[in-house]
Amino acid sequence: MLGIVRRRVSSGGSSSLILGQSFRGVWPAVSTPRIFATSGDEVLHNSRGFGNVRNLCHLIFPGCSPSLRPISGFTASIQPEATLLQYRLFSSDNGDLVDAVVPFMGESISDGTLAKFLKNPGDRVEVDEPIAQVETDKVTIDVASPEAGVIQEYVAKEGDTVEPGTKIAVISKSAEGVTHVAPSEKTSEKADSKPPPPAEKSKEDKQKPKVESTPVIEKPRTTSGPPPPKRSATEPQLPPKERERRVPMTRLRKRVATRLKDSQNTFALLTTFNEVDMTNLMKLRSDYKDAFAEKHGVKLGLMSGFVKAAVSGLQNQPIINAVIDGDDIIYRDYIDISIAVGTSKGLVVPVIRNAENMNFAEIEKEINTLAKKASNGTISIDEMAGGSFTISNGGVYGSLLSTPIINPPQSAILGMHSIVSRPMVVGGDIVPRPMMYIALTYDHRLIDGREAVFFLRRIKDVVEDPRRLLLDI
């Protein structure tokens, strides 16, 4: 490589002294440099034939390699018209290769785990096409290709901890950077790599008669140690290791475990229960589901009825929508309902913003959108941040009764369960009714039993008679 050095010279003769002093500060003591001033230019010579220019080069110029061999007769020309100390390196990089890096993952996320690669080296990718996935403690983020081209190589491995800006792959905008080996070439290489056949035996070896020998069979030696102890039938036996699998926890699962344990350690958790007759809400959905879907383009479900009932309950009992912050209580004048969604990767809680201003159709559309994003892993951090109250529907999995755990830093969570037909006394008669148990887990440091019971009673009244919402009673 040829380095061209340029520097502004204030006066004709003084530049030689300044340059000489600066070079003497970094030049090895064994070298004896000499500086000759010429008209307009300065030429640096070394009495040792520039044997130490290699060492000086990498000290002054960061891009210069100390392993370069010196060039005979090399000179460095200092021209006065230059305004900055510059150098130029010639390389084979023509701008064909680009790096795929980890994108920004959110305000509260500093790193993640490289979960898996979506493409293989040599595959063709388009602009912004995902090539890898990074798993954080909240969401899974795609790493997209910055240019259309071919994946030349991966510089990171699955399971590595990566940060925003970490380089994980090299993309070649043309296919020249990747070489493919044809199957015929592989077979020929294998054929060439076979060891040569053994040399023919000499005639003397062929003429020698073969002598058969009888192998000597040794008897197995008997050990005089004590026999292994016999285990009784009641003694527990450990399972064999080959029937066990050890899988590392995902970052999302570790985050969920930490938050739930913190909730148990921090809050004074208490759960109260009630039961709801689902007859009227189910009849409302059955009577208007076709007209509702035709007008709004979404199915009418039961969750929107519980969200509207929870909004009404939180408005009647605002302490349940509040939160403790140190020695203060923060009352929220908005209602953001978090909906717990179980996915294959873990529990996520998307948020329905300003639920108090939404109707049934808007709630159903938002729930469907967030549920789809949560299932396919495209939900963002902003869509899960915040939330003042959580609803968890364990009934979709068949849960009959449970005690949900609060989602910090909220103060309460409503648990829905499966609908079971049970005999109920209605008007003095025993009739079958579709019943659901509901549970409210709350922070007893902030919420008393009175407010918790009144909240559940409001949920029960609204779900059993949705007309209360129209009349606001």
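Throughout, read-outs are computed from the coordinates displayed, never taken from laboratory work. Given the structure is predicted, the values throughout are model-derived calculations rather than measurements. Heads up, the Cβs are rebuilt from the backbone with ideal geometry, glycines too, and the neighbour counts pull from every protein chain shown.
For segment 245-259, indicate whether the set of residues that are closer than 15 Å to K460 by Cβ and touching a Leu at 6+ places or on another chain (Cβ under 8 Å) is non-empty.
no
Working only within segment 385-431, note down all residues that are among the aliphatic types (A, V, I, L, M), surrounded by 19 or more Cβ atoms within 10 Å (Cβ to Cβ) and assigned to a loop (DSSP other than H, G, I, E, B).
Scanning segment 385-431 gives I405, I406.
Got at least one residue in segment 355-367 being assigned to a loop (DSSP other than H, G, I, E, B) and closer than 25 Å to V139 by Cα?
no
Within segment 261-272, is there a residue that is in contact with a helix residue (DSSP H, G or I) (Cβ under 8 Å, 6 or more places away or on another chain), under 25 Å from P466 (Cβ atoms), outside any loop (DSSP other than H, G, I, E, B) and of a type outside the set (S, T, N, Q)?
No, segment 261-272 contains no residue that is in contact with a helix residue (DSSP H, G or I) (Cβ under 8 Å, 6 or more places away or on another chain), under 25 Å from P466 (Cβ atoms), outside any loop (DSSP other than H, G, I, E, B) and of a type outside the set (S, T, N, Q).
For K299, all conditions in the list (1) surrounded by fewer than 19 Cβ atoms within 10 Å (Cβ to Cβ); (2) within 30 Å of L446 (Cβ to Cβ) hold save one; what is the number of the exception?
The single condition K299 does not satisfy is (2).
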